[in-house]
Amino acid sequence: MKKTAFITGATSGIGKATAQLFAKNTMKLILCGRRIEKLQELQKELSEFTEVHILVFDVRYKEDVFTAINSLPSAFKNIDILINNAGNAHGLHSIQDGNIEDWDAMIDGNVKGLLYVSKAIIPTMIANNKGFIVNIGSTAGKEVYPNGNVYCASKFAVNALNKGMRLDLTKHNIRVSAIHPGLVETAFSDVRFKGDTNRAKNVYQGYKALQAEDIADIIHFVVTRPYHVNIEDLIVYPTAQASATILHKDEN
Ligand code: NDP
Ligand code: 8X3
């Protein structure tokens, strides 16, 4: 029987690449994001391979999260795999210069949003006595870097929640994993730098950054292990990156 996967942040980057790979491996998909036109485009593209349902909501608003998830048609209600991927960094400032709206967006989206979506889906997994939750953390959730403060705190929270979920859900036969990527070339830096494309591009110049497809491939590997195998935690860097602050760029 086909597995059903629910992917947040499917309009771009890692979430979109994961949806494309899952579709080609004939998983049924529930794709989520705020930008309806991007979701509709992807639904059209992937419907050639599998059944696709789209849900438009902002993970920060709990009523919207629950309304959207409760509206799923019965053919999509039995979710086997949840990919908690939606999230972004907003700004890169010292703690004293940080913008409070940016802090709210990161804590509300990356942490509370992940919790709301999980809270809405976990009861189905418990009732089915099976399920798989993959939390997309970050190397920023393992090591704090200068000016990363609140983004790093939000990803440290994802790391802790991954552990907490695993401790609490093991008795329900639910697998829980986190993948913590280093620098991945997506729209992430455009969002972080609020559309300053030159600054965003510079983040990925002078070395080969991870691509969204690299992370999708790893997510797919993790969720297709035999059921008795749970990869709890994976840190993935581009070869040129050794830590949050050590990145080897070409000189030219
Ligand atoms: P992108 O900006 O390309 O994608 C982010 C996705 O998250 C979009 O689909 C966006 O959809 C969705 N999203 C963001 N905020 C919200 C919200 N409030 N409600 C609903 N959806 C939201 O970045 P990435 O693909 O790189 O990021 C995906 C995840 O990977 C994030 O959690 C990020 O922190 C993490 N990550 C990224 C790394 C990188 O270097 N790129 C490295 C490590 C981790 P929409 O705008 O349509 O709502
Ligand atoms: C994204 C990677 O290093 O920009 O989580 O924080 S980093």
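The values are calculated or read from the model by the stated rules, or taken from the named source; none is laboratory data. Predicted model only: the values in this text are computed from it and were never measured. FYI the Cβ positions are ideal-geometry reconstructions off the backbone, even for glycines, and counts take in every protein chain you see.
Please enumerate the residues belonging to the range 200-217 that are part of a helix (DSSP H, G or I) and closer than 20 Å to Asn88 by Cα. First the steps, then the outcome.
Of all residues in the range 200-217, those part of a helix (DSSP H, G or I) come to 200-203, 212-217.
Those that are part of a helix (DSSP H, G or I) and closer than 20 Å to Asn88 by Cα: Ala200, Lys201, Asn202, Val203, Ala212, Glu213, Asp214, Ile215, Ala216.
Which one is farthest from Ile79 (Cα to Cα), of the residues in the range 5-37 that are surrounded by fewer than 18 Cβ atoms within 10 Å (Cβ to Cβ) and near ligand 1 (Cβ under 6 Å from one of its atoms)?
By that ranking, first place goes to Arg35.
On the basis of being surrounded by fewer than 18 Cβ atoms within 10 Å (Cβ to Cβ) and modelled with pLDDT of 95 or more, does Ser177 make the cut? Walk me through how you get there before you give the answer.
Working: surrounded by fewer than 18 Cβ atoms within 10 Å (Cβ to Cβ): no; modelled with pLDDT of 95 or more: yes.
Judged against the criteria, Ser177 is not a match.
So in the range 84-134, with the set limited to residues that are away from ligand 2 (no atom under 16 Å from the Cβ) and not in a helix (DSSP H, G or I), which one is surrounded by the fewest Cβ atoms within 10 Å (Cβ to Cβ)? Before you say what the answer is, go through the steps one by one.
Residues of the range 84-134 that are away from ligand 2 (no atom under 16 Å from the Cβ), as a first pass: 96-97, 99-101, 104, 108, 112, 115-133.
Adding the requirement that they be not in a helix (DSSP H, G or I) leaves 96-97, 99, 129-133.
Numbers: Gln96: 6, Asp97: 8, Asn99: 12, Asn129: 10, Lys130: 14, Gly131: 22, Phe132: 22, Ile133: 26.
For the range 84-134, the residue satisfying everything is Gln96.
Report every pair of residues separated by at least 6 positions or lying on different chains whose Cβ atoms are under 6 Å apart, first residue within the range 180-193 and at negative phi, second within 11 Å of ligand 2 (Cβ to nearest atom) and of a type in the set (Ser, Thr, Tyr).
So the pair list comes out as His180/Ser138; His180/Thr139; Gly182/Thr139; Gly182/Tyr237; Glu185/Tyr204.
Taking Val144, is it within 11 Å of ligand 2 (Cβ to nearest atom) and either among the β-branched types (Val, Ile, Thr) or not in a loop (DSSP other than H, G, I, E, B) (or both)?
On the way: within 11 Å of ligand 2 (Cβ to nearest atom): yes; either among the β-branched types (Val, Ile, Thr) or not in a loop (DSSP other than H, G, I, E, B) (or both): yes.
Here the answer is yes, as Val144 does meet what is asked.
Test each condition in (1) farther than 17 Å from Ser243 by Cα; (2) surrounded by 18 or more Cβ atoms within 10 Å (Cβ to Cβ); (3) over 15 Å from the mean Cα position of the chain (by Cα) for Tyr204 and report the one that comes out false.
Of the numbered conditions (1) farther than 17 Å from Ser243 by Cα; (2) surrounded by 18 or more Cβ atoms within 10 Å (Cβ to Cβ); (3) over 15 Å from the mean Cα position of the chain (by Cα), the odd one out for Tyr204 is (1).
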